[in-house]
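The values are calculated or read from the model by the stated rules, or taken from the named source; none is laboratory data. Source: prediction; values computed, not measured. Here Cβ is always computed from backbone atoms with ideal geometry, including for glycine, and neighbour counts include all displayed protein chains. SASA here: full protein model, heavy atoms, side chains in, ligands and nucleic acids out. Shrake-Rupley method; radii C 1.70, N 1.55, O 1.52, S 1.80 Å.
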Number of protein chains: 2
Amino acid sequence: MSNSSSADSPITVHLAYLLAQANREINRQLDARLRAEGVPVEQWRILKVLSDGNGRSMGDLAEAALLNHPTLTKTIDRMVADSLVYRISDPADRRKVLIFCSDRGKELAKRLAPLALGQEAHIAKNYGGKATAQLKRLLEDLIERAG
Amino acid sequence: MSNSSSADSPITVHLAYLLAQANREINRQLDARLRAEGVPVEQWRILKVLSDGNGRSMGDLAEAALLNHPTLTKTIDRMVADSLVYRISDPADRRKVLIFCSDRGKELAKRLAPLALGQEAHIAKNYGGKATAQLKRLLEDLIERAG
DNA sequence: CAAATATTGTTGAATTTTCAACAATTGAAG
DNA sequence: CTTCAATTGTTGAAAATTCAACAATATTTG
């Protein structure tokens, strides 16, 4: 509630800043919902990717969950300790480790999914379904052409 | 170069995820540019806010630089050690501490600004000026109605 | 095949962030 | 005025992240 634009500001706010700001806010909201189950957003992303039952290599998972490799390794360590996922060495390429979701992990994912959908719905309500769809499309394009 | 959508996917990708993904990528690019001067993105945000010469309280700065209070305190500690900013107790409210940009900090900000603008220009080129403007507007709306 | 190079994932140390508690100052209520 | 509550910022310990180096396996090249 500090600096709503006082007029059409001559100052250029960078896209990078707006993205960081929006991401921070939305992430904070999602975090608040997931807190009901005590699950950090990063773990939710991992569970969501794995909940289809397929195993993923650490590299693929890191990409999908938006985490660096060492961070993912340690996050998976924690999730293994919590019996949410498990590791299996990939028989086809023994450098790789495949991560699978345990039954416990799948159950948790099932409880988490509606929380995330709830946020999505909440945003669509406050912000408009059309604007949400448009924003999503623009973000997808940006990501695709980000290179 | 892994998972471009194989078709119009029936799976709903959450806005929260797209924002995180886009933010990660854009932030990474900005970071790569700022690395030329060895300055983390968070410090660049702080310098940009302060470079108009006005002092800001820790609270305001934390809001503007998208950082939690304790994180900001420690970041400012580092920047003070690097003589980029300095603290002055607010005479009007002695609970507050005002942060000011030093001359050295201003010079650094002046070297950093074109790097950030360069990224902005690069995005506009690859992604289109129209799409960029539209995305910015949508993000501003989202932030405003995020509550 | 052998050696050199690349890929994949983990580790330990260092850095950074976060959480909870705290100190100092201000504002509000009785 | 005095006490109680709220605001502002910092601190230390704990947790998480990152960086650089490494180990193991796979791939390429001579």
**Message:** Filter region B:33-60 down to the residues that are modelled with pLDDT of 95 or more and of a type in the set (A, V, I, L, M, F, W, C) and list them by number.
**Reply:** B:LEU34, B:VAL39, B:VAL41, B:TRP44, B:ILE46, B:LEU47, B:VAL49, B:LEU50, B:MET58
**Item:** Selection status of A:ARG145, among the basic types (Lys, Arg) and either open to solvent by less than 70 Å² (accessible area, probe 1.4 Å) or under 30 Å from B:LYS136 (Cα atoms) (or both)
**Value:** yes
**Request:** Answer yes or no: is there a residue in region A:50-64 that is under 30 Å from B:ASP31 (Cβ atoms) and among the polar types (S, T, N, Q).
**Result:** yes
**Condition broken by B:ALA124, with the remaining ones in (1) over 17 Å from the mean Cα position of the chain (by Cα); (2) in contact (Cβ under 8 Å) with a residue 12 or more places away in the chain; (3) at negative phi; (4) more than 16 Å from DNA strand D (Cβ to nearest atom) satisfied** = (2)
**Complete:** Within region A:102-135, residues more than 22 Å from A:SER83 (Cβ to Cβ) and hydroxyl-bearing (Ser, Thr, Tyr) come out as A:TYR127, A:THR132
**Asked** For region B:114-133, what are the residues that are exposed (fewer than 15 other Cβ atoms within 10 Å of the Cβ) and either within 20 Å of A:ARG24 (Cα to Cα) or facing chain A (nearest Cβ under 7 Å) (or both)?
**Response** B:ASN126
**Asked** Do the conditions hold for A:ASP31, that is, is it more than 7 Å from chain B (Cβ to nearest Cβ), over 17 Å from the mean Cα position of the chain (by Cα) and assigned to a helix (DSSP H, G or I)?
**Response** no
**Request:** Test B:ARG145 against the criterion of being among the charged types (D, E, K, R) and touching a residue at least 12 places away in the same chain (Cβ under 8 Å), and give yes or no.
**Result:** no
**Request:** Say whether the condition of being within 30 Å of B:TYR127 (Cα to Cα), away from chain A (no Cβ under 14 Å) and not hydrophobic (A, V, I, L, M, F, W, C) is met by at least one residue in region B:94-111.
**Result:** yes
**Request:** Would you confirm whether any residue within region A:68-75 is under 30 Å from B:ARG145 (Cα atoms) and at pLDDT 95 or above?
**Result:** no
**Prompt:** In region B:53-78, which residues are facing chain A (nearest Cβ under 10 Å) and among the charged types (D, E, K, R)?
**Reply:** B:ASP60, B:GLU63
